[in-house]
Amino acid sequence: MSSHPLTSLAAPGIAGLSPYEPGQPVEEVARAYGVQDIVKLASNENPLGPPASVVAAIADATHNLMRYPDGGAFELKERLAKHHGVAVEQLIVGNGSNDVLALVAETFLTPDTSAVFDAHAFIVYSLVTQATGATALRCTSRASHHPTQPLGHDPERLIATARADTRVVFIANPNNPTGSWLTETEIRGVLDHAGPETIVVLDEAYAEYVTEPEYPDGVALLQDYPNLLVTRTFSKIYSLAGLRVGYGIARAELIELLNRVRQPFNTSSVAQAAARAALDTPEFVAAARAANGAGLAQLSTGLRGLGLSVLPSVANFVLVDFGKPAHGIYEELLRAGVIVRPLGNYGLPNHLRISVGLPAENERLLAALAELPLAAA
Ligand SMILES: *Cc1c(COP(=O)(O)O)cnc(C)c1O
């Protein structure tokens with residue numbers, strides 16, 4: 001932590017905060033290691049890139065760049081309302097769904113309150129919670145030898161960890177970086193126990209990838225739970241991570257509160273146009289889902305063939321347990337021009353997270369790993 005005198009002036013939550021560590025950019029790795037032809041499997045992006053109709057909508061939107069966007073993103077919300085069968089008033093659009101997560105924290109968390117999330121949940125929950133000065137209550141994950149959801153969220157522990165001052169429970173379904181997921185019954189269990197004074201955030205960033213028949217649609221739960229907020233994004237299957245656009249769905253009363261703190265122009269006109277066009281590409285989404293299924297199988301089979309332990313995943317990445325500190329392997333992969341994600345800041349120093357890439361990219365990763373000594377020390 002910096003001991004710079006300015007640090008003591010920062011709000012208490014900020015002074016103790018370690019910033020988010022993104023996947024290493026391709027350019028940085030190229031510079032540091034002098035390698036060309038780099039494969040990035042570090043940020044759970046969809047390697048297909050957006051379809052032509054979305055790129056055309058982006059180009060078309062450039063004709064109006066001198067104007068401010070519609071801050072309320074009305075046309076996009078109308079399109080989303082149809083897509084999800086909800087009212088326009090039930091939607092809020094954000095600069096990525098991370099923006100919506102931060103709005104929840106700003107709206108409901110103060111230094112006298114707490115938020116609950118799994119110890120290996122998406123790290124942004126911890127960041128947005130700590131920034132408000134609220135207490136972060138991390139609960140233990142399921143065991144690493146759990147038969148179906150190793151290191152997954154444990155709904156009973158989420159419930160047991162909540163206190164009277166808990167205002168937000170964050171659930172990632174599926175979770176990043178574990179690839180695990182919860183059933184409808186498990187999510188209802190958390191919602192039933194949370195009570196009306198706790199907002200339950202169901203983060204469904206990877207929902208469109210999931211092919212598991214029992215995987216629940218969080219939006220269908222909104223009619224039963226006024227304290228539920230579901231978040232979705234265009235960064236993952238829609239392949240628009242660079243544009244920054246995501247959204248939240250909840251009861252109108254909850255959305256209205258979030259809108260009070262939302263920046264007036266938090267999403268660009270270009271991002272809104274792209275997102276609208278993206279909702280008209282169900283064939284692209286289906287093809288991306290199918291390609292991801294094949295990529296997951298390719299990676300899992302290949303990694304297991306190298307004797308590695310791969311956790312089951314319903315998303316577009318896999319978590320690999322190396323059985324020993326994995327940072328050296330991470331660095332060797334960088335030298336070989338393959339960027340994956342180390343997880344020390346997730347409390348998983350023996351693991352690496354590998355995003356599903358194009359078939360040739362997955363092959364590069366497997367070939368690079370095959371060159372390394374992988375046996376547990
Ligand atoms: C990638 C991801 C997001 C999406 O973030 P954006 O801000 O929409 O790009 C949200 N939640 C989880 C769990 C993620 O992994």
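Of all residues in the stretch 278-289, none that is open to solvent by less than 30 Å² (accessible area, probe 1.4 Å) has its Cβ atom under 9 Å from the Cβ atom of a residue that is among the small types (G, A, S) and at pLDDT below 95, 6 or more apart or on another chain.
For the stretch 236-248, the set of residues classified as open to solvent by 10 Å² or more (accessible area, probe 1.4 Å), within 9 Å of the ligand (Cβ to nearest atom) and among the small types (G, A, S) consists of A241 only. Residues in the stretch 327-359 that are part of a loop (DSSP other than H, G, I, E, B), in contact with a strand residue (DSSP E or B) (Cβ under 7 Å, 6 or more places away or on another chain) and among the hydrophobic types (A, V, I, L, M, F, W, C): V340, L343, V356.
Of the strands (runs of 3 or more DSSP E) lying entirely inside the stretch 102-219, those carrying at least 3 residues that are crowded, with 21+ Cβ neighbours inside 10 Å are 114-118, 166-172, 199-203. Applying the set (1) within 16 Å of the ligand (Cβ to nearest atom); (2) closer than 17 Å to L80 by Cα; (3) of a type outside the set (K, R) to V200 leaves exactly one unmet item: (2).
Does P47 qualify as being more than 16 Å from the ligand (Cβ to nearest atom), open to solvent by less than 70 Å² (accessible area, probe 1.4 Å) and in a loop (DSSP other than H, G, I, E, B)? So P47 does not fit the description; no. Any chance you could count how many residues in the stretch 1-44 are touching a helix residue (DSSP H, G or I) at 6+ places or on another chain (Cβ under 8 Å), surrounded by 14 or more Cβ atoms within 10 Å (Cβ to Cβ) and closer than 29 Å to V285 by Cα? Summing the residues that are touching a helix residue (DSSP H, G or I) at 6+ places or on another chain (Cβ under 8 Å), surrounded by 14 or more Cβ atoms within 10 Å (Cβ to Cβ) and closer than 29 Å to V285 by Cα in the stretch 1-44 gives 5.
Would you check if A315 is within 14 Å of the ligand (Cβ to nearest atom), open to solvent by less than 10 Å² (accessible area, probe 1.4 Å), in contact (Cβ under 8 Å) with a residue 60 or more places away in the chain and part of a helix (DSSP H, G or I)?
No.
In the stretch 116-138 there is no residue that is in contact (Cβ under 8 Å) with a residue 60 or more places away in the chain, out of contact with any helix residue (DSSP H, G or I) (no Cβ under 9 Å at 6 or more places or on another chain) and not basic (K, R).
Out of curiosity, is V35 part of a loop (DSSP other than H, G, I, E, B) and either over 19 Å from R262 (Cα atoms) or touching a residue at least 40 places away in the same chain (Cβ under 8 Å) (or both)? Give the derivation first.
Numbers: part of a loop (DSSP other than H, G, I, E, B): yes; either over 19 Å from R262 (Cα atoms) or touching a residue at least 40 places away in the same chain (Cβ under 8 Å) (or both): yes.
So V35 fits the description; yes.
Residues that are farther than 27 Å from R289 by Cα and open to solvent by less than 90 Å² (accessible area, probe 1.4 Å) do not occur anywhere in the stretch 52-60. All of N259, N266, N227 fail the test of being within 16 Å of the ligand (Cβ to nearest atom) and at pLDDT 95 or above, apart from N266.
The values are calculated or read from the model by the stated rules, or taken from the named source; none is laboratory data. All figures in this text were calculated on a predicted structure; none of them were measured in a lab. Cβ coordinates were reconstructed from backbone atoms using ideal geometry, including for glycine residues, and neighbour counts include every protein chain displayed. Surface accessibility is based on the protein's heavy atoms, side chains included, excluding ligands, DNA and RNA. Shrake-Rupley method; radii C 1.70, N 1.55, O 1.52, S 1.80 Å.
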